[in-house]
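Following: one structure in structure tokens, then a few remarks.
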């Protein structure tokens, strides 16, 4: 049998160790590439999801733009302390349009949104003008009802009537 010298054994052991180290390094590199691939794949999925959400947000923004007028009308239909003066000006415009004299007497604005705002007022005019005023009042954007009415003749003018009424607004929102 041929004799194996020490140099050959060291070379063989060194080669085996180098081969094992190469295999270990290759396995580590393979596992690193697998982990990076999984990260990239999950990032691509996240990007697709975010792009879909971006499209949804753009669609929602466009829908809001289309509904902006309707939203403004709905916002204006709610009476608040800030818009109460506008409400009174609307009633004065109705009175002028119908030919009656409008006079606000007092108002009760609730402190919470579950309450109802009340306005006591007086209108003075002839019968057809009063009918026109109350029919126009029925068409205003604020949801309400007249729950107390008293009608009396005006002592100074023969065909003139005085109507005292309380208008209760249902869609009052409190500014908190």
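Just so it is clear, none of the values below were taken in a lab; they were calculated from the coordinates. Remember, predicted model here, so these are calculated numbers, not experimental data. Cβ: placed from backbone, ideal geometry, glycine included. Neighbour counts: every protein chain shown.
Just a few scattered comments:
- Two-site FRET efficiency, residue 164 against residue 69, from Cβ-Cβ distance with R₀ of 35 Å, rounded to 0.05: 0.40
- If you run the Gaussian network model on the chain, springs between alpha carbon atoms under 10 Å, then out of 125, 37, 144 the most flexible one is 37.
- Annotation: the residues 152, 143, 129, sorted from fewest to most other C-beta atoms within 10 Å of their own C-beta, follow the order 152, 143, 129.
- Residue 25-residue 92 pseudo-label distance in nm [points 7 Å out on the Cα-to-Cβ vector]: 9.1
- Compactness of the stretch 1-66 as Cα Rg over 2.2 N^0.38 Å, two decimals: 2.62
- Label-point gap, in nm, between residue 62 and residue 40 - each point 7 angstrom along Cα→Cβ: 3.4
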